[in-house]
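Data block below; observations after.
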Amino acid sequence: MQFVQNFPFFCIILTLFSGSVCAVLKSKPARIVNTILITIVGILNACVLAFEIKTGESYTYMMGHFPAPWGNEIRIGVLEAGMALFFCVIMLLSMLGGKHKVLTEIAKEKQNLYYVLVNLLLSSLIALVYTNDIFTAYVFVEINTISACGLIMIRQNGRTIEAAVRYMIMSLLGSGLLLMGICMLYDITGHLLMSNIKQTLEATYASGKLDVPLLVSVAFMCIGLAIKSALFPFHAWLPDAYGYSTVSSAAILSSLVSKGYIFLLIKIIYRVVGFEIFRDTHIINVLFIFGLCGMIFGSVSAIRENDIRRMIAFSSVAQIGYIYMGIGLGTEVGMAASIFHILSHAATKSMLFIAAIGLTEVSDGSRHFIKLTGAGFRNKIAGLTFMAGSLSMVGVPIFAGFISKLLFAQAATVNKGKMLPVLICLGISTILNAIYFMKTVIRIYTPIDDKTFEENKCSVIKARQVPLYTVTCILFIIVNVVLGTMSDPIMDLITKGLSMFA
C-alpha cells in the first residue's frame, strides 16, 4: 500500500482531533486552526484524487487492518475523492466569506465552539463520503445532525432556537427511519459492510425471497434521507434553518449538509442495494414524483418570499428536487446528472448566501427587497456575485447551472416514459427561477436617489474594509464558471466514479 492511500483515514482523524483542540483554544487561534485544517484536508484529498485518476481503480482501507466483521473499512474511488475535495473547497470559501459576520453575530466566548462544530461537521461529511460500513455511516449522520443543529442555534436568538428545534425534530425522525432500515438490512443479510450486504442481497433477490422486507428496508432508508436532505414535502424545517443562522452556517448547510445525505443515498443505491434491485423496487418512481413536485413548489414558495435569504432557502428546495428527479430517472446518465448538480448547487447556493449578506450589510441590515434597492451599486462585488449566482440558477451558459439543466434534459431523452414530465417541469422551473432571481437582480440594480445613497455611505465604507470577502466572492465566481466551462472532464470523472461504485 502506498502512503497516499492512508490520506482518507488521516482526514477523518485530523478533523475529529482538531475539534478537541479548538475546544480549549480562544476564538482567534481556533479560527486559524480551522482554516489551516480545511486547507490541509483539501490538499490531502486532492492527492488522493490524483492517485485515483492515475491508477483508475478503487481500493478499500481497513481500520486497524482487522477484516470484517470485527473491523471497519473505508472505500476510496475517483468519485469519493473528488467529492471530498469539493466539499473542502466550498467549506473553506464559505468560512472565509462569512468570517466577519461570525465575529459580530456570535458571542466571543462561543466562537471557539463554532469552529469545533464546523470541524466535526467536516469530519462527518468526509466519513459519509468514504465509509464502506453502513452503521458507521449512521453514526456520522448523527454527528452531522448535531453539528448542523449547533451551527443553527449558536446565534442565540428566538428565531434560530426555534429553527434549530424544528430542524432537530425532523432530522431525528429521518435518522430513526434510516436506523430502522439499517437494522432490517442487518437482519436480512447479517452484514454491515456495504459490499457484503450487496452480495447477499443479490443472491437472495435472485432466488425471489425477501421481497417485502427488502422493500420496507429500502423505503425506510430513502424516506429518512429524504427528510434529512429536505426533499419536498419534507422541507418545512429548511427556510428558517437557512434563513436565520449565521451566513457561513447557511452557506455550509445549504451547499454541503444536505448533499452529504444525498451522496450517502447514492452509495446505498449502488453499493448496498444495487442499482438494478433498487430500480425494481419502484421506490425510485416515488422519488421521481417528489423531485418533480419540489422543482415546482419550491420555486413557487421562493417567488412569494419578501426576504432574500428565505427566498434563497426555498430555492434550495427546488434544486434538491432536481437532484432527486435525476435519481428517479433510473438511468446512469440521470444519476451522473444528479451528481453534477450536487456540485453545481453547492457552488452556487453558498455563493448566493455569501453575496446576500454583503447586500444586506449596505441596506441597513434589512433583508427585505424594498430595502435592497440599489444595493448592487453600494456593494459592487456582492452585487456582481449575486448576479452570477442568479444567472447560474436560471441556467445561463458559461455558468454551472446551465450544464446541470442541459444534462438533465439529455438524461430525460434516455428514459422515454419519463421524458415528457421532466422536460415540462424543467421548462416551468426555469421560468420560475428567472422570475424570482431576475426580479432580485433588477431590484439590487435599480438606482436610488442621492439622499438614500448618502444615508448608506457609511455602510459602503464598512463593506470595502473586508478584502477577504471580495477575494472569496471572486473565487466563488471562478469555481462556478469552471464548472460551467469545463464540464466534460468533470463528467468523465463522475462517470468513471460511478463505474467504480458499481
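In table form, for the structure just shown:
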| quantity | calculated |
| --- | --- |
| Filter result (in contact with a Gly (Cβ under 9 Å, 6 or more places away or on another chain), open to solvent by less than 10 Å² (accessible area, probe 1.4 Å) and not in a helix (DSSP H, G or I)) within segment 211-254 | S229, A230, L231, T246 |
| Residue match in segment 66-80 (condition: in contact with a Gly (Cβ under 9 Å, 6 or more places away or on another chain) and among the aliphatic types (A, V, I, L, M)) | yes |
| Filtered residues of segment 151-174 (kept if more than 13 Å from L238 (Cα to Cα), out of contact with any Gly (no Cβ under 9 Å at 6 or more places or on another chain) and buried (at least 20 other Cβ atoms within 10 Å of the Cβ)) | L151, M153, I154, R155 |
| Residue in segment 314-331 that is modelled with pLDDT of 85 or more, of a type in the set (A, V, I, L, M), assigned to a helix (DSSP H, G or I) and open to solvent by 10 Å² or more (accessible area, probe 1.4 Å) present | no |
| Pick from segment 18-38, criterion within 18 Å of L125 (Cα to Cα) and exposed (fewer than 14 other Cβ atoms within 10 Å of the Cβ), ranking: farthest from the chain's Cα centre (by Cα) | S20 |
| Condition met for V481 (at pLDDT 80 or above and crowded, with 16+ Cβ neighbours inside 10 Å) | yes |
| Unique match (being more than 30 Å from D492 (Cβ to Cβ) and over 22 Å from the mean Cα position of the chain (by Cα)) among G298, G365 | G365 |
| Residue count, segment 90-110 (criterion: open to solvent by less than 10 Å² (accessible area, probe 1.4 Å) and either at pLDDT below 80 or in a loop (DSSP other than H, G, I, E, B) (or both)) | 3 |
| Sole exception among (1) modelled with pLDDT of 85 or more; (2) buried (at least 20 other Cβ atoms within 10 Å of the Cβ); (3) over 28 Å from T136 (Cα atoms) for I296, by number | (2) |
| Residue in segment 393-407 that is open to solvent by less than 10 Å² (accessible area, probe 1.4 Å), more than 13 Å from V481 (Cα to Cα) and out of contact with any Asp or Glu (no Cβ under 9 Å at 6 or more places or on another chain) present | no |
| Residues satisfying the stated conditions in segment 1-12, i.e. hydrophobic (A, V, I, L, M, F, W, C) and either under 17 Å from N144 (Cβ atoms) or exposed (fewer than 12 other Cβ atoms within 10 Å of the Cβ) (or both) | M1, F3, C11, I12 |
| Segment 412-451, residues that are under 25 Å from S301 (Cα atoms), open to solvent by 30 Å² or more (accessible area, probe 1.4 Å) and polar (S, T, N, Q) | T430, T446 |
| Subset tally (residues that are open to solvent by less than 20 Å² (accessible area, probe 1.4 Å), at pLDDT below 85 and either among the charged types (D, E, K, R) or not in a helix (DSSP H, G or I) (or both)) for segment 255-293 | 1 |
| Segment 187-201 residues that are over 9 Å from I134 (Cα atoms), paired with ones that are assigned to a helix (DSSP H, G or I) and open to solvent by 40 Å² or more (accessible area, probe 1.4 Å) (beta carbon under 6 Å, 6 or more apart) | I188/P213 |
| Conditions (1) aromatic (F, W, Y); (2) outside any helix (DSSP H, G or I); (3) within 30 Å of I478 (Cβ to Cβ); number of the one not met by Y61 | (3) |
| Index of the failed condition, K228 passing every other in (1) at pLDDT 85 or above; (2) over 20 Å from L177 (Cβ atoms) | (2) |
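The values are calculated or read from the model by the stated rules, or taken from the named source; none is laboratory data. All values derive from a computational prediction rather than experimental measurement. We place every Cβ from the backbone using ideal geometry, glycine too, and count neighbours over all the protein chains shown. For accessibility, only protein heavy atoms count, side chains too; no ligands or nucleic acids. Shrake-Rupley method; radii C 1.70, N 1.55, O 1.52, S 1.80 Å.
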